[in-house]
Amino acid sequence: MTTAPVVSVRDLRKRYGSHDALRGVDFDIHEGETFALLGPNGAGKSTTIEILEGYRDRTGGEASVLGVDPGRGGLGWKSRLGIVLQSGGEQGSVTVREQLRHFASFYPNPRKADDVIAAVGLEEKADTLIRKLSGGQRRRVDVALGIIGRPELLFLDEPTTGFDPEARRRFWELIRSLRAEGTTILLTTHYLDEAAQLSDRAAVIAGGVVVASGPIAELGGADSRTPIVRWRVNGELREQRTTEPGLVVRDLIDELGREPDALEIIRPSLEDVYLSLLEKHLGEHGTTDAPAHTATEAAR
Amino acid sequence: MTTQQLTRPAAPARLANPPARTLALGLARARYEVRAYFRLGDTVFFTFLFPALLLTIFSTAFSEGTFGSPGNEVDAAQYYLPGMLAAGILLSGLQNLGVDIALERSDGTLKRLAGTPLPVTSYFLGKLGQVLVTGLLQAALLLALAAVVFRVPLPTDAAAWATFAWVFVLGVLTSAVLGIAISAVPRSGKSASAVIIPITLVLQFVSGVYLPFDQLPEWLQQVASVFPLKWFAQGMRSVFLPEEFAALEPSGEWDLGLVALVGAAWLVVGLVLTRLTFRWIRKDS
């Protein structure tokens, strides 16, 4: 089955004054897919997502969202989208239920307000004024407002900021159920475990370009997932990448004649892969502010 | 893949019958806005109750004094009632909406609405509806206060009330539309009150709301005549003051035709400015 991608971005560029925020971004998101956009602050994630939501004009390249140029989307187009922005500071002088019922009336085929309130776990706060909720609870209202219109495509810009661990788990369940219903989702997040849990594919943006993209399990290539053996010699950190960590440890013990200090065998998590991608990007582009905790390549 | 196909979100929505939808959503917005308005204590106090409070202060402070030419005097409450009604129109419309929309722009409310299929016209209708409802309640409160507490004789003929009705409706619409237009001026929500309240305050002082218009220097009267508040106050005086008070107006007449003309002109100016300048969000700011 070949259908046109729900979101298609080609050579997307954005310039603010003399600063190039996006310098040619490409990716596609297919129907029913959950796609994560990862990257450090200021990398261009929010600029990208806001161009696709129709909030910002691009300065170059092509973008298509549900077959429409997002710079020209009308009300019919907006009725098919769900948007969860980064949190705002609205006064919120209506209750959670009033807000959801009101927003439901904007859409031709909305979900029931009470169903959505239950889905985000705010049943007990349904009749509370939004301004009296905690930050994490308000964030859940944001998410509820994003899905009330039964969107085909859902944008989630750092949706779980301020959630406690239990709320985050519940949110993940909610996203999985939306995905199971066929909703296409574009997610930005700082939590790599979240991206790993939820998304089918991801792109890492740094310095306004995509430095890696693909299925989560393949991001950064097979080499970046090679286990690392790490230990200390006279207080100095040593490490070695190897596909046979057991053998390396055996050799190490033979060599030292004793148990190595602070021995670890690390299978790189998505976070490790992500950090090494950024490090590589920064190294190639000569930026000085590299992550502080970079792994030092040890010679053997 | 097949299960996904079966349970996919419903087919792309048709937004049927746009004018009816825009109107229905406008009414829904008005209900929503009115409810939210009365839950904010500070707006209720500073825009809704303020004219009633000022009427009470003026009526009490000048309770010994009389206003008007010898033989045609009225007491302070009756003299100040028309001005307070006009001030209420200005506060409920221009001041309230100017500050409110600037705040909604800076706190993300407008950005959120911009991402939904709410027509911008429905948003405006909601704001107009809110101003109309709160303005009417405010006027009713002022009239009741004047009649019951300060024993102001209210007009008994239908013609006077018909004049009140059209001056009020024209005033509220013009004031509200100018409020939407002026909301683009403050650069942030924080500065909105500081930018807009001085404008409305100066207008009230030069337009015969707090100071008797006939006692202002002629040049200031002419400046004030450019702006609509002077005319709305004059229209209200024609309803609530005895006929003889017309002699105190600059032309010696109530000039209701000019009240309608200047009010309508500012309504058109406000609509054009709104059309040209209103954006849900400032792109690329």
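Brief remarks follow.
- Calculated FRET value between A:Ala4 and A:Gln86, using beta carbons and R₀ = 25 Å, to 0.05: 0.30
- Other residues within the sphere of radius under 10 Å centred on the Cβ of A:Leu81, judged by their own Cβ, net out at 0 (K and R +1, D and E -1).
- Most fluctuating residue given options B:Ala52, B:Ala184, B:Ala24, as computed from a GNM of chain B linking Cα atoms under 10 Å: B:Ala24
- Residue among A:Val210, A:Val116, A:Val68 with the largest mean-square fluctuation in a Gaussian network model of chain A, springs linking Cα atoms under 10 Å: A:Val68
- Per residue, the convex hull volume that the Cα atoms of segment B:173-235 enclose (Å³): 86 Å³
- Test item: B:247-260 mean partner chain Cβ contacts at 10 Å: 0
- Computed lengthening from B:Asp42 to B:Ala144, 0.36 nm per intervening residue step minus Cα-Cα distance: 34.5 nm
- Using a cut-off of 28 Å between Cα atoms, the listed pairs A:Lys125/B:Lys111; A:Lys14/B:Lys127; A:Lys45/A:Lys78; A:Lys112/B:Lys190; A:Lys112/A:Lys132 include A:Lys14/B:Lys127; A:Lys112/B:Lys190 as exceeding that distance.
- With each label modelled as a point 7 angstrom along the Cα→C-beta vector, the B:Ala246-A:Leu237 pair spans 9.1 nm.
- Computed lengthening from A:Ala118 to A:Asp164, 0.36 nm per intervening residue step minus Cα-Cα distance: 14.8 nm
- Percent of alpha-carbon pairs separated by more than 21 Å within segment B:62-189: 51 percent
- Cα gyration tensor category, rounded, prolate or oblate, for the protein assembly as shown with a/c compared to 1.5: prolate
- Cα centroid separation, segment B:15-45 to segment A:167-185 (Å): 32 Å
- Partner shielding of A:105-117 amounts to 3, given as the average count of beta-carbon atoms from other chains within 10 Å of each residue beta-carbon.
- Segment A:219-278-segment B:50-92 distance, computed between alpha-carbon centres (Å): 85 Å
- Straight-line cross-link partners of B:Lys230 among the aspartates and glutamates, defined as a Cα under 20 Å from its Cα and at least 8 positions apart when in the same chain: B:Asp214, B:Glu218, B:Glu243, B:Glu244, B:Glu249, B:Glu253, B:Asp255.
- For chain B, taking Cα atoms only, Rg and Dmax work out to 21.6, 91 Å respectively.
- In this simple spin-label approximation, A:Glu259 and B:Thr156 carry label points 7 Å from Cα along the Cα→Cβ vector, and these lie 10.7 nm apart.
- Modelled FRET efficiency - R0 35 Å, A:Ala217 with A:His190, Cβ distances, 0.05 increments: 0.95
- Area projected by the alpha carbon convex hull of segment A:92-177, averaged over all directions, nm²: 5.2 nm²
- Shape analysis of chain A based on the Cα gyration tensor places the equivalent ellipsoid semi-axes at 41, 24, 17 Å, largest first.
- Candidates per trypsin sites (Lys or Arg not before Pro) in segment B:91-182, loop by DSSP, up to 12 other Cβ within 10 Å: B:Arg151
- Stokes-Einstein diffusion coefficient of segment A:222-284, Kirkwood radius over Cα pairs, 25 °C, 0.890 mPa s, in µm²/s: 192 µm²/s
No lab work stands behind these numbers, since they all come straight from the coordinates. Predicted, not measured: the structure shown is a model, and the values here were computed from it. Counting neighbours? That spans all protein chains shown, and the Cβs are built from the backbone with ideal geometry, glycine included.
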